[in-house]
1. Can you work out which of the residues in the stretch 83-121 that are exposed (fewer than 15 other Cβ atoms within 10 Å of the Cβ) and among the hydrophobic types (A, V, I, L, M, F, W, C) is nearest to ligand 1 (Cβ to nearest atom)?
2. Looking at the stretch 159-189, which of the residues that are among the polar types (S, T, N, Q) and away from ligand 2 (no atom under 16 Å from the Cβ) is most open to solvent (accessible area, probe 1.4 Å)?
3. Among the listed residues Asp205, Asp131, Asp146, identify the single one that is away from ligand 2 (no atom under 16 Å from the Cβ), at pLDDT below 95 and closer than 18 Å to Phe116 by Cβ.
4. If you go through the stretch 197-215 one residue at a time, do you hit one that is open to solvent by 10 Å² or more (accessible area, probe 1.4 Å), within 20 Å of Glu91 (Cα to Cα), within 16 Å of ligand 1 (Cβ to nearest atom) and part of a strand (DSSP E or B)?
5. I want to confirm something. Restricting to the stretch 225-240 and keeping residues that are of a type in the set (D, E, K, R) and exposed (fewer than 14 other Cβ atoms within 10 Å of the Cβ), which single residue is farthest from Pro290 (Cα to Cα)?
6. Quick check, is Ser13 closer than 29 Å to Asn206 by Cα, over 22 Å from the mean Cα position of the chain (by Cα), open to solvent by 20 Å² or more (accessible area, probe 1.4 Å) and polar (S, T, N, Q)?
7. For the stretch 305-328, how many residues meet the condition of being in contact with a Ser or Thr (Cβ under 7 Å, 6 or more places away or on another chain) and within 13 Å of Gly273 (Cα to Cα)?
Amino acid sequence: MKLLEYEAKEIFSKYGIPVPKGVLIRAPEEVTAHLPRIGDAVVLKAQVDVGGRGKAGGVLMAEDATAVETARELFSREIKGVPVRSILVEERLAIEHEYYVSIAVDRSSRQPVVLFADAGGVEIENAAMADESAVRRVVVSPLLRDIPPFLMRELLGGAPKELAPTINSLYHAFQEKDAMLAEINPLVTTPQGVYAADAKLIIDDNALARQGIAVNRDLSEREREAEKHGFSYVELDGSIGVIGNGAGLTMSTLDLIEYYRGQAANFLDVGGGADQERVMHAVRLVASMPGVNVIVVNLLGGITRCDEVAKGIIAAGVAPTVIVRMAGTNEEEGRQLLAEHGYRMLESMDAAVRAAMEVAA
Ligand code: GDP
Ligand code: MN
């Protein structure tokens, strides 16, 4: 789960990383009361879950006299389509230099990898793309509490040594917060010292319970519902709903829709041994997606019984057309039930997908 900048900064600060003085506001007028503490020159930063806010107009400078007006302007904007609901107001730093540092899990070595670049800030991706050597990387054993000095030297190269404690603190935060990514871009030097001018922290979804996070905000309401029932569920952009059992069969269904130039609305694998109840929840879940007017149910009856599936579909009683392809255990009973209730059950996956395409069109 991705944290917003202000949340990541609160955490980083607890690990001893210097962050600018700041406050989170939810309305423009709130800024006034905090200016005496924060300072006359401020930066207003939209707290939206998108990258590259700076370039997209989500980071604005203001003086004490213009702060309310600038906040009002920022609240009225959408940053890459996301409305601004809260703003982090911070003291403006007198930045001397912007560095880049991030820590992620390196999949190939299965260890934390620390990346550092001398030229941080909003252009980091272009810089790294143009010159790979612009980013240095070291892999750190997760068994170590600290980044060893020899690796820190390699990472920093000619950059100031005073950055080292902050990078080490970031490593502690990364480890203890079960992070997938901990990033400071830019990590800046100022006459007052080193600061994390920006902050990014992504917590491993599998560690949310251990981290005391009850709700994964990155999931939509439907994704949470799917998680509750144990469905493998991914939302896509199309209009044809898909329900299958087994990841392979479900993926093949998506492939076939793609093959016929259709667009699937989702991936939903109900899993093995789905009973009436589970099927009903799955059908209702997919039917609740906006823009879905047809659902393809493609199931193989093994432990799953086709009559149970049919009962689940009938019990769901949803508005979108449900087109079924099932084969296997109790197939005939299933077909009978569906026919009695006016549902179409087709002989092949190909026929079912083509029928769905017609309804979708
Ligand atoms: P991002 O675009 O979402 O990564 O937002 P950042 O928080 O990284 O801000 C983008 C850029 O705004 C930074 O790279 C800085 O150049 C600039 N910036 C942010 N905070 C300050 C500040 O306190 N003082 C100054 N001078 N520039 C800042
Ligand atoms: Mn940034």
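The values are calculated or read from the model by the stated rules, or taken from the named source; none is laboratory data. Nothing here was measured: the structure is a model prediction, and the numbers come from that model. Using ideal geometry, Cβ is built from the backbone for each residue, glycine included, and neighbour counts are taken over all protein chains shown. Side chains are part of the model used for accessible areas, which takes the heavy atoms of the whole protein and leaves out ligands, DNA and RNA. Shrake-Rupley method; radii C 1.70, N 1.55, O 1.52, S 1.80 Å.
1. Ile95
2. As a first pass, look at the stretch 159-189 and keep what is among the polar types (S, T, N, Q): 166, 168-169, 175, 185, 189.
Imposing the further condition that a residue be away from ligand 2 (no atom under 16 Å from the Cβ) reduces the set to 168-169, 175.
Values: Asn168: 28, Ser169: 18, Gln175: 60 Å².
Across the stretch 159-189, the extreme among qualifying residues is Gln175.
3. Asp131
4. yes
5. Lys228
6. On the way: closer than 29 Å to Asn206 by Cα: yes; over 22 Å from the mean Cα position of the chain (by Cα): yes; open to solvent by 20 Å² or more (accessible area, probe 1.4 Å): yes; polar (S, T, N, Q): yes.
Against the criterion (closer than 29 Å to Asn206 by Cα, over 22 Å from the mean Cα position of the chain (by Cα), open to solvent by 20 Å² or more (accessible area, probe 1.4 Å) and polar (S, T, N, Q)), Ser13 qualifies.
7. Residues that pass the stated criteria total 2.
Residue-by-condition table, conditions (1) within 18 Å of Glu347 (Cα to Cα); (2) open to solvent by less than 30 Å² (accessible area, probe 1.4 Å); (3) under 22 Å from the mean Cα position of the chain (by Cα):
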| position | (1), (2), (3) |
| --- | --- |
| Asn245 | yes, yes, no |
| Leu249 | yes, no, no |
| Gly262 | no, yes, no |
| Asn266 | no, yes, yes |
| Gly271 | no, yes, no |
| Arg278 | no, no, no |
| Val286 | no, yes, yes |
| Met289 | no, yes, yes |
| Ile295 | yes, yes, no |
